[in-house]
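First comes the structure, then the notes that go with it.
Every number in this text was worked out from the coordinates using simple rules, so none of it is lab data. Everything numeric in this text was worked out from a predicted model, so none of it was measured. When we count neighbours, we look across all protein chains shown, and the Cβ atoms used for this are built from the backbone with ideal geometry, even at glycine.
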């Protein structure tokens with residue numbers, strides 16, 4: 001007997017689709033004919049409306065203008081606009097030369113650097129949090145910062161000069177991540193877990209190397225220089241440094257921005273992402289490459305700046321939700337504004353510069369606690 | 001599109017977990033995979049999905065060897081439904097379903113309006129359109145499982161692979177999910193589903209595959225393969241298979257574990273629990289009617 005007989009498969013649809021194997025699924029008939037009910041005119045899969053994005057977009061612009069006005073030689077928005085416009089238009093030269101020096105030689109490079117570093121660390125952090133399926137990951141998880149710190153310490157030890165420090169720090173940052181990645185391919189295990197462990201391992205090695213160099217360094221000249229560099233600062237930035245950072249940062253930012261939808265899928269984990277059609281191995285390499293380029297380039301000019309890559313993505317998640325489609329641009333906008341404002345505090349809060357890295361930690365840790373306590377469960 | 005496994009052997013490292021499995025699944029069919037823990041159900045799925053390379057044998061889709069297919073090509077044909085789980089980030093339900101469109105997107109693209117329409121359509125197909133703006137991590141397990149099915153449907157696959165889709169669900173949600181599975185097969189999909197419950201094979205599948213230590217123990221219509229003897233040999237427990245006539249005239253079989261002196265399967269005992277629904281119960285070939 002046949003206790004359970006499947007009703008004959010819907011002949012019209014089955015015949016049509018079996019013939020064209022990779023074609024579309026026949027349009028499944030909704031049982032409730034409310035096809036229109038779902039279309040409420042929301043933009044494609046977006047939680048945060050364009051209004052939120054626009055609002056976030058004004059943050060870095062406002063911070064940019066404010067930062068010129070802030071400091072020992074205040075530049076008003078009017079003066080700023082005039083000086084900037086004069087670069088393009090033939091305006092009469094009615095301002096003191098000091099103003100121009102302050103705007104173009106001192107403040108502009110520093111402001112742009114702060115925004116680039118903030119955007120880089122936040123984007124890299126957001127991308128890594130998805131890739132490692134863990135919201136507590138920061139951009140230095142694979143040892144990029146540890147390597148960069150070691151590179152800078154070595155360069156200072158050998159008195160290589162500012163450019164030498166930056167190049168060495170950038171290269172060692174890349175080297176550390178490369179080592180961590182190649183180490184991880186040797187171990188047959190869950191690839192994501194192995195990457196984290198390899199990153200911790202390599203990071204520890206380079207941090208120990210930095211300690212060793214500090215121990216060996218001349219305690220009156222070089223040790224303070226290394227220590228100060230490791231605290232992170234944008235005080236000594238020049239327009240040449242900015243140009244050097246722009247290229248790797250943009251080179252890392254653009255692919256990540258274009259791949260941001262896939263970061264959602266990657267955060268579901270290796271097997272599920274592959275079953276959804278994602279070439280996870282290749283995507284992971286691209287993400288690591290981009291994030292490392294950005295992190296190493298940032299750290300090479302700014303030194304160690306902690307907590308930005310951790311808290312900014314969380315803040316962005318609270319504002320626009322976890323979808324990388326909005327999260328990544330939001331992280332860029334919030335990150336650039338955030339680090340710029342903290343850097344303003346670093347240069348203006350006291351009569352002497354406060355190292356930026358110290359400030360980001362002092363602000364970051366309690367702020368993160370606040371997010372943990374008050375944000376919606378799972379959003380942080 | 002039909003799925004065919006030819007003499008498939010696969011596993012991790014040097015240890016084969018699945019040996020010489022051959023089978024075919026056609027559109028409209030639900031193949032139910034039964035077998036104790038560690039019998040190789042998940043490994044078999046991973047191999048079909050291309051997550052594990054076969055050590056021997058082939059996976060064919062309409063006769064074409066999938067060995068060289070990219071994840072993207074596979075995902076356009078094979079929809080995978082994992083057990084309901086909690087992802088690290090609280091995505092919106094509609095976004096989770098949209099992720100099913102990934103295999104249809106260009107490398108640098110995000111889902112378009114058309115993808116969105118397809119995602120909404122699949123939610124409507126499963127009658128869960130009302131969930132679309134909820135947060136995936138905050139809905140119930142049964143709803144999550146349905147969302148994962150919707151996500152697989154958004155892939156517009158020909159074949160659905162389901163790894164114990166009901167394992168974390170309460171009784172009502174199990175039936176809800178399984179009846180949707182049967183409906184999808186009726187719409188022309190081929191479904192391969194792993195389960196821990198022999199009853200699922202009777203109720204929702206057209207064929208059953210019994211796996212024992214990575215080998216095919218039995219393959220065929222559930223009423224021929226899922227028997228008291230085969231279940232005893234598969235799981236090492238004594239069971240009775242009871243035939244019951246449903247109010248609509250259809251007949252089904254139910255698997256009942258034999259506990260103690262077989263009291264649970266005695267007609268009077270069955271009658272006590274079955275009174276609300278008049279059913280014909282037949283044990284050991286001797287039919288008797290309980291009204």
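For the protein assembly as shown, the share of DSSP beta bridges that are antiparallel, to the nearest 5, is 65%.
Counting only Cα atoms, chain A measures 94, 55, 41 Å along its principal axes, largest extent leading. The antiparallel fraction among DSSP beta bridges confined to the range B:157-233 stands at about 55%. Taking the centroid of alpha carbons for each part, the range B:206-262 and the range A:110-129 are 60 Å apart. Starting from the Cα gyration tensor of chain B, take the square roots of the eigenvalues, sort them a ≥ b ≥ c, and report rounded, prolate or oblate (rounded when a/c is under 1.5, otherwise prolate if a/b is larger than b/c, else oblate). Cα axes put chain B in the oblate bin.
Roughly what angle does helix A:144-157 make with the longest principal axis of chain A, taking Cα atoms, 0 to 90 degrees, to the nearest 10? Once rounded, the angle reads 20 degrees. Please state the relative contact order of the range A:131-226 as a whole percent: Cα pairs under 8 Å, 6+ residues apart? Over the range A:131-226, the number comes to 37 percent.
Counting only other chain Cβ atoms within 10 Å of each residue's Cβ, the peptide B:44-51 averages 2. Just to be sure I understand the model, the point goes 7 Å from the Cα along the line to the Cβ. What's the resulting residue B:130 to residue A:374 distance in nm? Between residue B:130 and residue A:374, the simple spin-label model gives 3.4 nm. Taking the longest Cα principal axis of chain A as reference, the axis of helix A:108-131 is set at about 30 degrees. In percent, rounded to a whole number, the relative contact order of the range A:48-374 is 30, using alpha-carbon pairs under 8 Å and six or more apart. Highest GNM mean-square fluctuation among B:131, B:31, B:153, for chain B modelled with Cα contacts below 10 Å: B:131. Shown is the FRET efficiency for residue A:197 and residue B:183, computed with R0 = 41 Å from the Cβ-Cβ distance and rounded to the nearest 0.05: 0.35. Computed over chain A with a Gaussian network model linking Cα atoms closer than 10 Å, the most mobile of A:83, A:249, A:318 is A:83. Distance between the 7 Å Cα→Cβ label points at residue B:65 and residue A:162: 6.2 nm. Residue ranges B:158-164, B:171-177 sort as B:158-164, B:171-177 when ordered by packing (mean number of other C-beta atoms within 10 Å per residue, highest first). Computed from the C-beta positions of residue A:220 and residue A:72 and an R0 of 25 Å, the FRET efficiency is 0.25 to the nearest 0.05. Size descriptors for the range A:230-380: radius of gyration and Dmax over Cα atoms are 16.9, 58 Å.
If you model the range A:113-237 as an ellipsoid using its alpha carbon gyration tensor, with each semi-axis the square root of five times an eigenvalue, the axes come out at 27, 18, 11 Å, biggest first. Taking packing as the residue-averaged number of other Cβ atoms within 10 angstrom, the listed peptides B:192-202, A:321-331 run from highest to lowest as A:321-331, B:192-202. Taking Cα atoms, how many degrees apart are the long axis of helix A:308-320 and the longest axis of chain A, rounded to 10 and kept between 0 and 90? Here the helix axis deviates by roughly 50 degrees.
For chain B, averaging the sequence separation of C-alpha pairs within contact (under 8 Å, six or more residues apart) and dividing by the residue count gives a relative contact order of 21 percent.
Fully extending the segment from residue B:56 to residue B:196, taken as 0.36 nm per residue of separation minus the present Cα-Cα distance, adds 47.7 nm. Peptide B:193-202 shows a mean partner chain C-beta count of 0 within 10 Å per residue C-beta.
Modelled this way, with points 7 Å down the Cα-to-C-beta line, the labels at residue B:217 and residue A:254 are 5.9 nm from one another.
Cα convex hull, the protein assembly as shown: 193 Å³ per residue, rounded to a whole number. Of all DSSP-defined beta bridges confined to chain B, some 65% are antiparallel rather than parallel. Peptide B:55-65 shows a mean partner chain C-beta count of 1 within 10 Å per residue C-beta. Over all orientations, the range B:160-240 has a Cα convex hull whose mean projected area works out to 5.6 square nanometres.
Considering only A:333, A:108, A:62, the mean-square fluctuation computed in a Gaussian network model of chain A, springs between alpha carbons under 10 angstrom, is largest for A:62.
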